[in-house]
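Below is one structure; the comments refer to it alone.
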Amino acid sequence: MTRLKAQNPDTASGKTKELFDSIHSKFGVVPNMMRTMGNSPAFLEGYLNLSGSLSGGTLGVKAAALIALAVAESNACNYCLSAHTYLGANLAKLDTDVMEAARLGKSKDTKTEAILTFAQTLVRKRGHVDDIDVSAVKAAGVTEGEVGEIIGHVSLNTLTNYFNNTANTEIDFPLVEAHQLAVV
């Protein structure tokens, strides 16, 4: 059972209605996570702004999707695993095996694996990475700007993971469950 109520886009008003209308015009639907975030239009708008800004970064949509899966697995967020598996397959056109590997921080591509390893290290160490962690990701060809973007994507996805795990958001995508409990 959900802990926070999802707002109905048909009865929303004010800023929440504006945001829902914008989301609906882009996606054709307002997902339950965003409907639930709509309880606070400031929160929803902040999420949308950070997400929008990061989408214009140099890492690209595929790396962002893989980071989202790696972080959601680390935080055991079934809503985000479900959403990002669906979006990864249908929007980013990622293969199932590539997405499954990403959940474990793995990739056949050396740079991508370094990105995923660094992302999961950020989660595990709660941002307290060390010189070795940063040197390893940079040695794989990740620029300092991309390191910043990885941190941004990890932060954005941790935000949604925490939100959905707290709200117990009703999953409106094909269900994907975490392999294990969250990293503590």
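The values are calculated or read from the model by the stated rules, or taken from the named source; none is laboratory data. Note that this is a predicted model, so its numbers are computed, not measured. Cβ: placed from backbone, ideal geometry, glycine included. Neighbour counts: every protein chain shown.
Can you tell me which residue within the range 1-25, out of those that are surrounded by 13 or more Cβ atoms within 10 Å (Cβ to Cβ) and of a type in the set (Val, Ile, Thr), is nearest to the chain's Cα centre (by Cα)? Of everything passing the filter in the range 1-25, Ile23 is nearest to the chain's Cα centre (by Cα). So which residues in the range 155-175 are closer than 9 Å to Met33 by Cα and either free of Cβ contacts under 8 Å to residues at least 40 places away in the same chain or of a type in the set (Ser, Thr, Tyr) (or both), if there are any at all? Residues satisfying the conditions are Thr160, Thr169. Per the listing Leu44, Leu69, the residue uniquely under 25 Å from Arg124 (Cα atoms), assigned to a helix (DSSP H, G or I) and modelled with pLDDT of 95 or more is Leu69. Against the list (1) assigned to a loop (DSSP other than H, G, I, E, B); (2) over 23 Å from Thr58 (Cβ atoms); (3) touching an Asp or Glu at 6+ places or on another chain (Cβ under 7 Å), the condition Leu81 fails is (1). Among the residues examined, Asn32 qualifies as touching a residue at least 12 places away in the same chain (Cβ under 8 Å) and either crowded, with 17+ Cβ neighbours inside 10 Å or touching a strand residue (DSSP E or B) at 6+ places or on another chain (Cβ under 7 Å) (or both).
Among what's in the range 107-124 and is more than 19 Å from Ser155 (Cβ to Cβ) and of a type in the set (Lys, Arg), pick the residue that is nearest to the chain's Cα centre (by Cα). Selected residue: Lys111.
Residues in the range 1-21 that are part of a helix (DSSP H, G or I) and either without any contact (Cβ under 8 Å) to a residue 24 or more places away in the chain or closer than 18 Å to Thr158 by Cα (or both): 4 in all. Phe43 - would you say it is among the aromatic types (Phe, Trp, Tyr) and surrounded by fewer than 16 Cβ atoms within 10 Å (Cβ to Cβ)? Yes. What residue, among those in the range 125-147 that are surrounded by fewer than 12 Cβ atoms within 10 Å (Cβ to Cβ) and of a type in the set (D, E, K, R), is farthest from the chain's Cα centre (by Cα)? Of everything passing the filter in the range 125-147, Asp131 is farthest from the chain's Cα centre (by Cα). For Val98, work out the one condition from (1) under 27 Å from Leu122 (Cα atoms); (2) outside the structural domain of Ser155 (by TED's automatic domain parsing); (3) of a type in the set (A, V, I, L, M, F, W, C) it doesn't fulfil. Here Val98 meets the rest and fails (2). Summed over the range 102-119, the residues that are part of a helix (DSSP H, G or I) and buried (at least 20 other Cβ atoms within 10 Å of the Cβ) give a count of 8. One residue alone among Gly152, Gly141, Gly145 is more than 20 Å from Leu87 (Cα to Cα), touching a residue at least 12 places away in the same chain (Cβ under 8 Å), among the small types (Gly, Ala, Ser) and outside any loop (DSSP other than H, G, I, E, B), and that residue is Gly145.
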